[in-house]
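Quick notes on the structure that follows.
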Amino acid sequence: MNLKSKGVALPPNAVIGIVGGGQLGRMSAMAAASLGFRTHILAGKPDDPGVQVVNSATIGRFDDPEVLKRFATAVDVVTFEFENISAAGLDLLSELKPVHPSGSILRISQDREQEKTFLGSIGVPVAPWQIVRERSDLDLAAETLGYPFILKTTRLGYDGKGQFRVRDASQLDEAFEKLSPKPLVAEGMVDFAMEVSVMVARGVEGTVRCFDVTENRHVSGILDLSLAPARISTELMAEAHKLARRIAEGVDLVGLLGVEMFVGSKGELLVNEIAPRPHNSGHWTMDACACGQFEMHIRAVTGLPLPEPVRHSDAVMKNLVGPNDMALWPEIVVADGLIPHLYGKREARVGRKMGHVNVLFPKGGLPGEFGVQAALGPLAARTED
Ligand code: AMP
């Protein structure tokens, strides 16, 4: 079976290979099963969330060529829920099977320097930034960007990890020492009015689909709440979609890509990050759209047609993070209107994403702050902690 020949969709029972055993792989596999596909996951541990719901799995290290070969042999197409796979690993997989999204997209998204350079090259606005390879670069960056600014690792940062907010010159040494691996990027602090994201899908034949713009709120660097649609003007929504489309076309995407953006204080959009996979801020689509982000992702990578991502309801998504949120589970499952999604993780460590709930509202009926909190029931009081 060769997906590279355009327009050829994989038939039912074809095997989708998913790299990564986390919750995004788990929910991708569940969507794939609904479309009649088989799934085979590459995961680090036999009890990982994704492994629990697939037909078969390869368990091993993602940087072991033998493991990657075994995995590729078992599947018809390769996709990802986890991007930090080595360049050599990507090349190996690409030699053996069609890989969507392509290795070149993953390489861009794995590295903040490449990502920002690429985005700039296609005219997508980003926050002012400077690369910091040596300690002396940091002085220069501080001078150019001014205080406060954010120092980030170029690689392997997620959920606010690998970041340091530099308040003044007295923190430069500590910030530089603390963060690794190097190099780092220094980013001007954006005085944002809101954080938003767009999930964009692109099919084998170039069809682009954008889900409605999502409004996102973080607590301690971790996504806490998403609201759909974002409470921004229709013009800004159209602009966000335009940027997402430009990125999807610019990287020749086949699959799904999450684009995180800041809405600046003057109403301008700046792209923060791209992630070529289903995204936490798109989880509301599972219940508020006929075809959610995971189904769209699977459709895109298997060559199936991409339906319009019609949203039939407004929605709020709340992450269940760590032991405190999980302690509320008995109340969550009996609460009216909370649609639960748990990821099958045995241990609720602090800061660990354990699941999420979606709450739906009639289309156009997304309430204000008070209504959102009221609708979250047992989870309401905890949104500010
Ligand atoms: P990131 O790991 O880049 O997605 O950053 C995690 C969170 O840190 C973002 O969702 C923002 O809330 C915040 N953040 C990151 N970069 C900036 C920036 N340049 N200015 C202001 N806040 C930022």
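The values are calculated or read from the model by the stated rules, or taken from the named source; none is laboratory data. None of these values were measured; they are calculated from a predicted model. Every residue, glycine as well, gets a Cβ built from its backbone with ideal geometry; the counts of neighbours run over all protein chains shown. All accessible areas refer to the heavy atoms of the entire protein, side chains included, with ligands and DNA or RNA removed. Shrake-Rupley method; radii C 1.70, N 1.55, O 1.52, S 1.80 Å.
Numbers at a glance
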read-out	value
Qualifying positions in the stretch 217-266 - β-branched (Val, Ile, Thr) and at pLDDT below 95	VAL219, ILE222
Every residue from the stretch 9-32 that is open to solvent by 40 Å² or more (accessible area, probe 1.4 Å) and within 20 Å of ALA275 (Cα to Cα)	none
Within the stretch 160-188, tally of residues that are assigned to a loop (DSSP other than H, G, I, E, B), within 10 Å of the ligand (Cβ to nearest atom) and either among the polar types (S, T, N, Q) or touching a Leu at 6+ places or on another chain (Cβ under 8 Å) (or both)	1
Residue in the stretch 196-203 that is within 16 Å of the ligand (Cβ to nearest atom) and part of a loop (DSSP other than H, G, I, E, B) present	no
Every residue from the stretch 244-262 that is open to solvent by 10 Å² or more (accessible area, probe 1.4 Å) and small (Gly, Ala, Ser)	GLY250
Filtered residue count, the stretch 204-243, keeping only those that are charged (D, E, K, R), farther than 23 Å from PRO367 by Cα and crowded, with 18+ Cβ neighbours inside 10 Å	2
Candidates LEU140, LEU184, filtered to the one that is open to solvent by less than 50 Å² (accessible area, probe 1.4 Å) and at pLDDT 95 or above	LEU184
Near pairs, Cβ below 8 angstrom, 6+ apart or cross-chain, from the stretch 177-197 (farther than 18 Å from PRO148 by Cα and touching a residue at least 40 places away in the same chain (Cβ under 8 Å)) to any residue that is away from the ligand (no atom under 11 Å from the Cβ) and open to solvent by 80 Å² or more (accessible area, probe 1.4 Å)	LYS182/ARG133; PRO183/ARG133; MET194/ARG231
Residues of the stretch 371-383 that turn out to be at pLDDT below 95 and open to solvent by 40 Å² or more (accessible area, probe 1.4 Å), as a count	2
Qualifying residue in the stretch 131-139 (condition: of a type in the set (A, V, I, L, M), away from the ligand (no atom under 11 Å from the Cβ) and either touching a residue at least 60 places away in the same chain (Cβ under 8 Å) or part of a loop (DSSP other than H, G, I, E, B) (or both))	no
Selected residue (criterion: nearest to the ligand (Cβ to nearest atom)) from residues of the stretch 208-227 that are assigned to a loop (DSSP other than H, G, I, E, B) and among the small types (Gly, Ala, Ser)	GLY221
Looking only at the stretch 273-306, and only at residues there that are in a helix (DSSP H, G or I) and either under 14 Å from VAL208 (Cα atoms) or without any contact (Cβ under 8 Å) to a residue 60 or more places away in the chain (or both), the one that is most open to solvent (accessible area, probe 1.4 Å)	ARG299
Positions within the stretch 150-169 being within 18 Å of GLU115 (Cβ to Cβ) and open to solvent by less than 70 Å² (accessible area, probe 1.4 Å), in sequence order	ILE150, LEU151, LYS152, THR153, THR154, GLY157, ASP159, GLY160, GLY162, GLN163
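Rundown of residues vs (1) more than 21 Å from ARG352 (Cβ to Cβ); (2) touching a His at 6+ places or on another chain (Cβ under 6 Å), yes/no style:
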| residue | (1), (2) |
| --- | --- |
| PHE37 | yes, no |
| ILE59 | no, no |
| PHE71 | yes, no |
| VAL75 | yes, yes |
| LEU92 | yes, no |
| GLY103 | yes, no |
